[in-house]
1. Within the bounds of region 226-240, is there any residue that is open to solvent by 40 Å² or more (accessible area, probe 1.4 Å), over 20 Å from residue 175 (Cβ atoms), modelled with pLDDT of 60 or more and not small (Gly, Ala, Ser)?
2. Could you say whether any residue in region 129-140 is closer than 27 Å to residue 195 by Cα, open to solvent by less than 30 Å² (accessible area, probe 1.4 Å), without any contact (Cβ under 8 Å) to a residue 60 or more places away in the chain and among the aromatic types (Phe, Trp, Tyr)?
3. When region 1-24 is examined, which residues are found to be among the hydrophobic types (A, V, I, L, M, F, W, C) and over 16 Å from the mean Cα position of the chain (by Cα)?
4. Residues that are modelled with pLDDT under 95 and open to solvent by less than 20 Å² (accessible area, probe 1.4 Å), at least 2 per element: which strands (runs of 3 or more DSSP E) completely within region 37-84 meet that?
5. Checking the conditions here, which among 121, 88, 161, 143 is in contact (Cβ under 8 Å) with a residue 40 or more places away in the chain and of a type outside the set (Val, Ile, Thr)?
6. For the subset of region 85-103 comprising residues that are touching a Pro at 6+ places or on another chain (Cβ under 9 Å) and not in a loop (DSSP other than H, G, I, E, B), which member is surrounded by the fewest Cβ atoms within 10 Å (Cβ to Cβ)?
7. Return the residues of region 104-119 that are surrounded by 18 or more Cβ atoms within 10 Å (Cβ to Cβ) and outside any loop (DSSP other than H, G, I, E, B); say none if nothing qualifies.
Amino acid sequence: MIDIHTHLLPGVDDGSRTAEQSVRVLARFMDAGVTCVVCTPHLAASEADRVPLERYRRIHNELCELAPPMLTVQRGWEIMLDRPGIDLRSPDLRLGASNAILVEFPHGVLPSGTELELARLRQSGVLPVVAHPERYGGATLELIRLWRAAGALIQTDTAYLLGEGRRSQLARGMLAEGLIDILASDNHGDQRSLSAAHDWLLEIGAPDASELLTTINPRSLLSDQQLVPVPPVRMETGMFARLRELLGRRRGTPLHNTSIE
């Protein structure tokens with residue numbers, strides 16, 4: 001599995017505080033079958049030309065030296081599109097060595113023209129990957145279809161896919177409509193994991209979707225290859241609750257933390 005959205009670069013944002021905390025999470029990831037992690041600290045688009053790149057490179061190199069063997073740690077950003085029209089073509093802003101950038105919108109009500117901004121980014125030569133659409137006020141399946149039509153890819157957080165409430169209902173609605181391209185943990189040095197959703201999809205009889213969302217498509221993204229469309233995943237009534245209870249017992253931790261931001 002490959003996790004393209006984490007906040008495990010220590011001490012730079014609201015994620016992991018220390019290298020030791022990050023290493024513990026990485027070790028757990030490796031034990032669960034994760035082979036590559038991308039650290040994506042928060043960055044406002046309006047600040048993209050002033051980011052202290054050398055500091056971040058140094059912290060990333062130090063983390064790579066401490067990371068478990070057989071696990072690759074790459075670097076990227078989660079870029080808040082706080083102002084439209086900003087040039088985000090710099091290779092220093094991309095996920096690993098790919099042409100993709102991970103972007104997010106303000107967490108309140110979505111601004112107007114989001115699909116136009118994503119189309120502008122795509123036309124500029126980069127591939128925008130929208131992080132956790134389920135979190136945005138006003139996001140709907142229809143709007144997410146517009147984002148995809150504008151050339152963006154969609155990344156959903158596993159905690160919301162397996163959680164409760166409006167955001168989780170939207171995440172599972174996206175899954176049911178085949179609107180998700182990649183799953184990621186959005187881990188902030190905590191218990192969130194990619195493997196929980198991977199196992200859940202296997203449990204409900206969707207092995208192809210599980211492999212595409214957690215391995216094949218993130219690998220293709222990082223190597224600038226064409227992603228494979230993920231087939232819709234339908235769930236029978238009652239299946240989600242039973243499997244959520246099963247996975248919670250198996251891991252001994254809740255699958256969703258309502259304080260997740």
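1. Yes, because at least one residue in region 226-240 is open to solvent by 40 Å² or more (accessible area, probe 1.4 Å), over 20 Å from residue 175 (Cβ atoms), modelled with pLDDT of 60 or more and not small (Gly, Ala, Ser).
2. yes
3. First pass over region 1-24, keeping only residues among the hydrophobic types (A, V, I, L, M, F, W, C): 1-2, 4, 8-9, 12, 19, 23.
Result: 12, 19, 23.
4. Numbers: elements: 42-44, 72-75, 78-80.
Because the criterion is at least 2 residues that are modelled with pLDDT under 95 and open to solvent by less than 20 Å² (accessible area, probe 1.4 Å), no strands (runs of 3 or more DSSP E) in region 37-84 meet it.
5. Exactly one residue qualifies, and that residue is 88.
6. 100
7. 104, 114, 115, 117, 118, 119 - these are the residues of region 104-119 that are surrounded by 18 or more Cβ atoms within 10 Å (Cβ to Cβ) and outside any loop (DSSP other than H, G, I, E, B).
The values are calculated or read from the model by the stated rules, or taken from the named source; none is laboratory data. The structure presented is a predicted model; accordingly, all values stated were derived computationally and were not measured. Every residue, glycine among them, receives a Cβ derived from its backbone with ideal geometry; neighbour counts consider all protein chains shown. Note: areas computed on protein heavy atoms with side chains; ligands, DNA, RNA excluded. Shrake-Rupley method; radii C 1.70, N 1.55, O 1.52, S 1.80 Å.
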